[in-house]
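Report on the following structure.
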Amino acid sequence: MHERAVVVGGGSHVGVRTGGVTDVPDPVVLVPGAGCSGDAFHVDLVDALAARRHVVVVDPRDTGRSTTTTGDTPEYALPDLADDLTAVLRAVLRPGERAHVVGVSTGGSLGQVVALDHPDLVASLTLVSATPGVPGLEAPDLPGPTAALSAASGLPDPDWADDDAVVDWMVEVERPYRPTVFDEDDVRATARATVDRSTDPSAAAHHYAAAPGPPWRHRLGDLRVPVTIVHGDDDPFFPLAHAHALAAEIPGARLVVLPGSGHGVPVRRHWPAFVALVAGEA
């Protein structure tokens with residue numbers, strides 16, 4: 001994969017990796033969830049997609065090779081991260097192209113905003129483990145995180161100067177989000193890749209302190225791009241009712257439920273179906 005930096009608001013930059021088939025128009029753009037770099041998408045999954053389509057993997061601010069900030073409060077809000085994604089699309093798309101945006105969790109939230117505000121840039125939108133509108137704020141009618149997930153949260157921070165300790169910590173943070181199938185080898189591989197590529201792994205926590213910005217759930221009925229919703233039936237963070245709400249509120253949306261899957265990027269056993277879905281083959 002080729003790495004480059006895209007300049008975004010305030011002189012910051014967002015790291016992106018690009019690769020794969022270039023003679024097929026309209027790239028697949030992978031956007032991870034809060035606190036994650038693009039390394040949340042396992043290299044084998046990216047390679048499988050890249051064998052079929054041109055692929056762009058995004059490191060949101062404060063992750064991967066993107067600009068990192070210090071202090072407790074980030075200098076950006078959720079709408080700024082959506083603007084960053086818009087800037088990335090404008091930078092990577094060739095004339096006449098639009099992007100197949102695949103957003104996981106909060107990455108799906110950013111995808112919703114970009115597809116609403118800039119439908120000319122979006123060919124399709126795939127929402128993985130997502131929720132309607134602003135995460136955590138616009139779904140009081142839907143079930144919140146499970147009691148088991150809440151009980152498992154709150155791990156103390158690792159020694160950020162010890163890469164091995166940070167990898168171990170990332171693995172344990174991820175474990176309760178996948179209560180049915182937890183592939184430790186794959187999770188550890190993505191954690192190691194995250195640490196190896198990150199300028200400052202601790203900075204990713206800023207995502208959780210970013211101001212939410214204005215609500216947009218009431219606008220979901222205005223989406224006019226093809227939308228596919230991919231959701232695990234055992235998601236402890238955004239239970240399956242969130243996916244059904246998205247499907248009900250987005251005109252023509254397609255819902256694909258992954259059996260035995262939790263929150264986040266689908267586990268390996270679902271990759272063939274996921275790749276075919278994202279590549280437009282299913």
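Nothing in this text is a laboratory measurement; each read-out follows from the coordinates by a stated rule. Every value quoted in this text rests on a predicted model; they were computed, and no experiment measured them. Neighbour counts run over all protein chains shown; Cβ positions are idealised from the backbone, glycine included.
Placing +1 at every Lys and Arg Cβ and -1 at every Asp and Glu Cβ, with all other atoms neutral, what dipole size does segment 52-118 have around its Cα centre, in debye to the nearest 20?
Values: 7 positive and 9 negative charges, 114 e Å.
Using Cβ point charges on Lys, Arg, Asp and Glu, segment 52-118 gives about 540 debye.
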- Query: Considering only DSSP beta bridges whose two residues both sit in the chain, what percent are antiparallel, to the nearest 5?
  - Reply: 35 percent
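Let me make sure I get this right: for segment 170-277, a, b and c are the square roots of the gyration tensor eigenvalues over alpha carbons, sorted descending. Under 1.5 in a/c it's rounded, otherwise prolate if a/b > b/c, else oblate. Which is it? Could you put the intermediate results ahead of the total?
On the way: a/c = 2.04, a/b = 1.31, b/c = 1.55.
Oblate is the answer for segment 170-277, as a/c is 1.5 or above yet b/c matches or exceeds a/b.
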- Max mean-square fluctuation residue, GNM over the chain, Cα-Cα springs under 10 Å, options L255, L127, L137: L137
- Item | Rounded to whole Hz, the Karplus (6.51, -1.76, 1.60) HN-Hα couplings of segment 60-69, x for glycine and proline | x, 3, 6, 9, x, 9, 7, 4, 10, 10
- Message: For the chain, set up a GNM with springs between Cα atoms under 10 Å and report which of R217, R269, R192 has the largest fluctuation.
- Response: R269
- Task: Measure off 7 Å from each Cα along the Cα-to-Cβ vector at R188 and D47, then give the distance between these two points in nanometres to one decimal.
- Result: 1.9 nm
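How much length would be gained if the chain were fully extended between D162 and R219, taking 0.36 nm per residue of separation minus their Cα-Cα distance, in nm to one decimal? Intermediate values should be presented prior to the final figure.
On the way: separation 57, 0.36 × 57 = 20.52 nm, distance 4.44 nm.
The span from D162 to R219 would gain 16.1 nm if fully extended.
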- Item | Selected from A189, P156, V31, residue furthest toward positive end of dipole (the chain; charges at beta carbon) | V31
- Query: Just from the alpha-carbon atoms, what are the Rg and Dmax of the chain in angstroms?
  - Reply: 17.2, 49
- Message: Need one word for segment 32-129: rounded, prolate or oblate. Basis is the Cα gyration tensor (sqrt eigenvalues a ≥ b ≥ c); a/c below 1.5 gives rounded, then a/b vs b/c decides.
- Response: oblate
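If you add up the charges near D235, with Lys and Arg at +1 and Asp and Glu at -1, over every other residue whose beta carbon is less than 14 angstrom from its beta carbon, what do you get?
On the way: positive: R178; negative: E174, D233, D234.
After counting each charged neighbour, the total is -2.
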- Query: In nm, to one decimal, how far is the modelled label at L137 from the one at R268, with both set 7 Å along Cα→Cβ?
  - Reply: 3.9 nm
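Taking the Cα centre of the chain as origin, sum charge times position over the Cβ atoms of Lys and Arg (+1) and Asp and Glu (-1), and report the length of that vector in debye to the nearest 20. Before the final figure, lay out the partial values.
Numbers: 20 positive and 38 negative charges, 205 e Å.
For the chain, the charge dipole is close to 980 debye.
Using 0.36 nm times the number of residues separating T73 and L240, minus their current alpha carbon distance, what extension gain do you get?
Values: separation 167, 0.36 × 167 = 60.12 nm, distance 3.14 nm.
My answer for the length gained is 57.0 nm.
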- Cα extents of segment 133-188 along the three principal axes, largest first (Å): 41, 25, 21
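Rg/Rh for segment 85-244 to two decimals, with Rh computed the Kirkwood way over all alpha-carbon pairs.
0.98
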- For the pair D200 and E281, the simple spin-label estimate (label points 7 Å beyond Cα toward Cβ) gives in nm 4.2 nm
- Message: Connecting C-alpha atoms closer than 10 Å in a GNM of the chain, tell me which of S109, S124, S150 has the biggest fluctuation.
- Response: S150
- Row for segment 183-228, column shape: gyration tensor on C-alpha, a ≥ b ≥ c, rounded if a/c < 1.5 i.e. under 1.5, prolate if a/b over b/c, else oblate; value oblate
- Message: Under 8 Å for C-alpha pairs, at least 6 residues apart: give me the relative contact order for the chain, rounded to a whole percent.
- Response: 22 percent
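Express the relative contact order of segment 93-178 as a whole percentage, based on alpha carbon pairs under 8 Å and six or more residues apart in sequence. All intermediate terms of the calculation are to be shown ahead of the outcome.
Working: 82 pairs, mean separation 18.9, N = 86.
Here the relative contact order equals 22 percent.
Please report the relative contact order for segment 124-282, taking Cα pairs under 8 Å with a sequence separation of at least 6, and give it as a percent rounded to a whole number. All intermediate terms of the calculation are to be shown ahead of the outcome.
Working: 218 pairs, mean separation 54.6, N = 159.
Reported as a whole number, the value is 34 percent.
Can you give the FRET efficiency to the nearest 0.05 for V173 and R94, using r as the Cβ-Cβ distance and R₀ = 35 Å? Provide the component values of the computation, followed by the final result.
On the way: r = 38 Å, r/R0 = 1.08.
Taking R0 as 35 Å, the efficiency between V173 and R94 is 0.40.
Using the Cα centre as the reference, give the magnitude of the dipole from point charges on the C-beta atoms of segment 1-66 (Lys, Arg: +1; Asp, Glu: -1; all else neutral), rounded to the nearest 20 debye. Walk me through the intermediate numbers first.
Working: 6 positive and 8 negative charges, 26 e Å.
So the dipole magnitude of segment 1-66 works out to roughly 120 debye.
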- Message: Using helices alone, I'd like the mean residue ellipticity at 222 nm for the chain: each DSSP H run of four-plus residues gives -39500 (n - 2.57), total over residue count, nearest 500.
- Response: -9000 deg cm²/dmol
